[in-house]
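S.K.: Quick one: the structure is below, and I'll ask about it shortly.
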Amino acid sequence: MQFIDLATQQARIRQRIDERIAAVLEHGEYINGPEVASFETALSEFCGVDHVMGCANGTDALQLALMALGVGKGDAVFVPSFTFAATAEMAPFVGATPFFVDIDPVTYNLDVQSLKRSILSARDLGLVARCVIPVDLFGLPADYDSIQDVATAEGLFVIEDCAQGLGARYHGKSCGWFGDIATTSFFPAKPLGCYGDGGAVFTKSSELAECIHSLRVHGKGHDKYDNIRIGMNSRLDTLQAAILLEKLTIFSDEINARNRIASRYDAALESVITTPSVPDGLISVWAQYTLRARGGSQRDALVQALRDKGIPSVVYYPKPLHTQTAYAQFPRDPMGLPQSESASSEVLSLPMSAYLREDDQNKIISTLYEACKCS
Ligand SMILES: *Cc1c(COP(=O)(O)O)cnc(C)c1O
């Protein structure tokens with residue numbers, strides 16, 4: 001059994017992928033070929049966001065967003081500690097200070113009370129409270145209404161890190177819509193993945209879009225030999241765009257299948273363990289289906305029971321960022337980050353993909369059900 005089954009998905013669309021790749025080999029426009037613009041348009045329609053710009057990966061997308069907003073030295077960038085390192089990494093890269101904020105223990109997403117305390121604390125430290133990067137962790141949209149209220153009141157930019165949330169919905173809007181800029185990743189294991197690296201930046205603002213267009217091509221002006229700012233080189237390959245165009249056609253169907261599997265997991269397991277909670281009005285894309293054990297020793301026992309039956313499970317994330325060597329020096333919520341720390345010691349994620357077979361689902365459910373009752 002695979003943790004994420006990409007092979008069955010490939011078998012489903014292999015012929016059309018082959019045709020797409022053949023078309024690229026035929027026209028030979030490997031950089032900025034027509035598939036890139038077609039995919040950007042298709043994704044813009046899918047998410048309802050005017051400007052979508054492909055780039056090389058989700059980490060570059062975050063860097064482009066920070067650069068476009070002019071975030072830099074002396075600025076605090078508020079990030080949850082319970083996330084993948086890339087969320088925090090680009091703040092110091094552009095000279096700013098990542099400031100770690102705690103999470104809500106039920107949704108695992110940014111906690112707004114912790115954000116408010118952190119903004120005050122950052123100002124006490126002499127930093128300018130500049131930007132917050134909420135993450136749609138495990139595919140569940142962050143609490144955008146509350147976050148946007150705080151950001152508006154305090155004059156913060158919002159960057160939505162929807163690397164895990166593409167395809168999820170928040171009160172009728174698609175992830176990728178939120179904030180001044182949103183960023184995503186097409187790493188193969190993400191909800192919408194390509195066959196290599198890829199990413200995208202989203203914005204509703206034409207000015208920011210123009211700036212990001214320039215930044216991703218060496219800070220170009222009216223053409224690429226006119227350089228008006230320091231930029232970078234970050235492109236979505238034509239071949240990856242061709243693959244994504246095909247995958248996007250089945251994405252909605254896959255999101256429904258993932259939600260059906262999540263509902264099955266919920267119904268079968270909620271009486272024996274804490275299953276994920278999706279607030280009213282939100283639809284998760286289930287980048288991960290994450291359970292919460294009663295403590296570290298029960299978590300270890302469950303992982304072992306699954307492993308004994310050949311079932312893979314993964315702990316996202318075993319160490320919150322504020323405890324990592326590279327990030328220990330950076331400031332954090334003055335009340336500490338107890339929810340990030342306990343989540344790290346108690347969560348485990350189950351196999352999840354639109355193609356998880358029913359017999360495998362049954363095996364996972366019965367193994368866990370038994371293991372929860374005896375631990
Ligand atoms: C995967 C991921 C990224 C980075 O994406 P890459 O394409 O691997 O650079 C950023 N943020 C989060 C939350 C992610 O899960």
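S.K.: Please find, within region 170-209, the residue that is most open to solvent (accessible area, probe 1.4 Å) out of those that are within 23 Å of V278 (Cβ to Cβ) and hydrophobic (A, V, I, L, M, F, W, C).
M.R.: Quick first cut of region 170-209, residues within 23 Å of V278 (Cβ to Cβ) only: 170-179, 182-185, 189-193, 202.
If we keep only those that are hydrophobic (A, V, I, L, M, F, W, C) as well, we get 175, 177-178, 182, 189, 192, 202.
Working: C175: 0, W177: 75, F178: 17, A182: 1, A189: 38, L192: 5, F202: 1 Å².
So, considering only residues that are within 23 Å of V278 (Cβ to Cβ) and hydrophobic (A, V, I, L, M, F, W, C), the one most open to solvent (accessible area, probe 1.4 Å) is W177.
S.K.: Filtering region 263-300 down to residues that are within 16 Å of the ligand (Cβ to nearest atom) and of a type in the set (F, W, Y), which residue is nearest to the chain's Cα centre (by Cα)? Outline the logic, then answer.
M.R.: Pass one, region 263-300, residues within 16 Å of the ligand (Cβ to nearest atom): 284-290.
This time we only want the ones that are of a type in the set (F, W, Y), so: 286, 289.
On the way: W286: 11, Y289: 14 Å.
This residue is W286.
S.K.: If you don't mind, another one. Identify, from the list G179, G155, G172, G165, the residue that is on the phi > 0 side of the Ramachandran plot and in contact with a Pro (Cβ under 9 Å, 6 or more places away or on another chain). Even if it seems obvious, please write down each step before you answer.
M.R.: On the way: G155 fails: in contact with a Pro (Cβ under 9 Å, 6 or more places away or on another chain); G172 fails: in contact with a Pro (Cβ under 9 Å, 6 or more places away or on another chain); G165 fails: on the phi > 0 side of the Ramachandran plot.
Being on the phi > 0 side of the Ramachandran plot and in contact with a Pro (Cβ under 9 Å, 6 or more places away or on another chain) holds for just one of G179, G155, G172, G165, which is G179.
S.K.: Okay, moving on. Considering only residues that are out of contact with any Asp or Glu (no Cβ under 9 Å at 6 or more places or on another chain) and open to solvent by 30 Å² or more (accessible area, probe 1.4 Å), which ones fall in region 44-55? Steps first, please.
M.R.: Going through region 44-55, the residues out of contact with any Asp or Glu (no Cβ under 9 Å at 6 or more places or on another chain) turn out to be 45-50, 55.
Passing the criteria: E45, F46, G48, D50.
S.K.: Right, here's the next one. Can you name every residue in region 151-169 that is in a strand (DSSP E or B) and either within 11 Å of the ligand (Cβ to nearest atom) or open to solvent by 10 Å² or more (accessible area, probe 1.4 Å) (or both)?
M.R.: Restricting attention to region 151-169, the residues satisfying the condition of being in a strand (DSSP E or B) are 157-161, 169.
Once the filter is applied, which keeps residues that are in a strand (DSSP E or B) and either within 11 Å of the ligand (Cβ to nearest atom) or open to solvent by 10 Å² or more (accessible area, probe 1.4 Å) (or both), region 151-169 yields F157, I159, E160, D161, R169.
S.K.: Still on this structure, I have one more. Just wondering, is there one or more residues in region 114-122 that are within 13 Å of the chain's Cα centre (by Cα) and basic (K, R)? Please lay out each step first, then the result.
M.R.: Step one: filter region 114-122 for residues within 13 Å of the chain's Cα centre (by Cα), giving none.
Within region 114-122, not a single residue is within 13 Å of the chain's Cα centre (by Cα) and basic (K, R).
S.K.: When only residues in region 301-321 that are among the charged types (D, E, K, R) and part of a helix (DSSP H, G or I) count, which is nearest to the ligand (Cβ to nearest atom)? Before you say what the answer is, go through the steps one by one.
M.R.: Initially, region 301-321 is screened for residues among the charged types (D, E, K, R), giving 307-309, 319.
Narrowing the set further to residues that are part of a helix (DSSP H, G or I) leaves 307-308.
Details: R307: 24, D308: 29 Å.
The residue in question is R307.
S.K.: Now a separate question. What's the total number of residues in region 232-291 that are of a type in the set (A, V, I, L, M), part of a helix (DSSP H, G or I) and touching a residue at least 12 places away in the same chain (Cβ under 8 Å)?
M.R.: Applying the first criterion (of a type in the set (A, V, I, L, M)) to region 232-291 yields 232, 236, 239, 241-245, 248, 250, 255, 257, 261-262, 267-269, 272-273, 278, 282-283, 285, 287, 291.
Filter again for part of a helix (DSSP H, G or I), leaving 239, 241-245, 248, 250, 255, 257, 261-262, 267-269.
Now narrow it down to the ones that are touching a residue at least 12 places away in the same chain (Cβ under 8 Å): 239, 241-245, 248, 250, 255, 257, 261-262, 268-269.
Here the count works out to 14.
S.K.: Based on what the data block shows, is E210 modelled with pLDDT of 95 or more and within 13 Å of the ligand (Cβ to nearest atom)? Walk me through how you get there before you give the answer.
M.R.: On the way: modelled with pLDDT of 95 or more: yes; within 13 Å of the ligand (Cβ to nearest atom): no.
When the stated conditions are applied, E210 does not pass them.
Table: residues versus (1) of a type in the set (V, I, T); (2) open to solvent by 70 Å² or more (accessible area, probe 1.4 Å); (3) within 27 Å of the chain's Cα centre (by Cα).
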| position | (1), (2), (3) |
| --- | --- |
| P312 | no, no, yes |
| P318 | no, yes, yes |
| T323 | yes, no, yes |
| M352 | no, no, yes |
| D360 | no, no, yes |
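S.K.: In addition: Going through S263, S252 one at a time, which residue ends up being open to solvent by 30 Å² or more (accessible area, probe 1.4 Å) and under 24 Å from A371 (Cβ atoms)? Even if it seems obvious, please write down each step before you answer.
M.R.: Values: S252 fails: under 24 Å from A371 (Cβ atoms).
Result: S263 is the single residue among S263, S252 that is open to solvent by 30 Å² or more (accessible area, probe 1.4 Å) and under 24 Å from A371 (Cβ atoms).
S.K.: So which residues in region 56-94 are open to solvent by 40 Å² or more (accessible area, probe 1.4 Å) and either more than 16 Å from the ligand (Cβ to nearest atom) or among the aromatic types (F, W, Y) (or both), if there are any at all?
M.R.: G70, K73, F84, F93
S.K.: What tally of residues in region 170-207 results from selecting those that are away from the ligand (no atom under 12 Å from the Cβ), in contact with a Gly (Cβ under 6 Å, 6 or more places away or on another chain) and closer than 14 Å to L137 by Cβ?
M.R.: Number satisfying all stated conditions: 0.
S.K.: Has region 325-341 got any residue that is outside any loop (DSSP other than H, G, I, E, B) and β-branched (V, I, T)? Full working, then the answer.
M.R.: Start the filter on region 325-341 by keeping residues that are outside any loop (DSSP other than H, G, I, E, B), which leaves 332, 338-341.
Add one more test, that the residue is β-branched (V, I, T), and what stays is none.
Within region 325-341, not a single residue is outside any loop (DSSP other than H, G, I, E, B) and β-branched (V, I, T).
S.K.: Let me ask another. Is region 104-123 home to any residue that is within 15 Å of the ligand (Cβ to nearest atom), more than 16 Å from E154 (Cα to Cα), polar (S, T, N, Q) and open to solvent by 10 Å² or more (accessible area, probe 1.4 Å)?
M.R.: Step one: list which residues in region 104-123 are within 15 Å of the ligand (Cβ to nearest atom), which gives 107-110.
So of that shortlist, the ones also more than 16 Å from E154 (Cα to Cα) come out as 107-110.
Still in the running and polar (S, T, N, Q): 107, 109.
So of that shortlist, the ones also open to solvent by 10 Å² or more (accessible area, probe 1.4 Å) come out as 107.
Yes; the residues of region 104-123 include at least one that is within 15 Å of the ligand (Cβ to nearest atom), more than 16 Å from E154 (Cα to Cα), polar (S, T, N, Q) and open to solvent by 10 Å² or more (accessible area, probe 1.4 Å).
S.K.: Looking at (1) open to solvent by 10 Å² or more (accessible area, probe 1.4 Å); (2) touching a strand residue (DSSP E or B) at 6+ places or on another chain (Cβ under 6 Å), can you tell me which one S271 breaks?
M.R.: With respect to (1) open to solvent by 10 Å² or more (accessible area, probe 1.4 Å); (2) touching a strand residue (DSSP E or B) at 6+ places or on another chain (Cβ under 6 Å), S271 is out only on (2).
S.K.: To continue, here is another question. Does L348 satisfy the condition of being without any contact (Cβ under 8 Å) to a residue 60 or more places away in the chain and either aliphatic (A, V, I, L, M) or in contact with a Cys (Cβ under 6 Å, 6 or more places away or on another chain) (or both)? Show your work before the answer.
M.R.: On the way: without any contact (Cβ under 8 Å) to a residue 60 or more places away in the chain: yes; either aliphatic (A, V, I, L, M) or in contact with a Cys (Cβ under 6 Å, 6 or more places away or on another chain) (or both): yes.
Here the answer is yes, as L348 does meet what is asked.
The values are calculated or read from the model by the stated rules, or taken from the named source; none is laboratory data. Quick caveat, the model's predicted, so the values are computed rather than measured. As a convention, Cβ positions derive from the backbone with ideal geometry for all residues, glycine included, and neighbour counts pool all protein chains shown. Note: areas computed on protein heavy atoms with side chains; ligands, DNA, RNA excluded. Shrake-Rupley method; radii C 1.70, N 1.55, O 1.52, S 1.80 Å.
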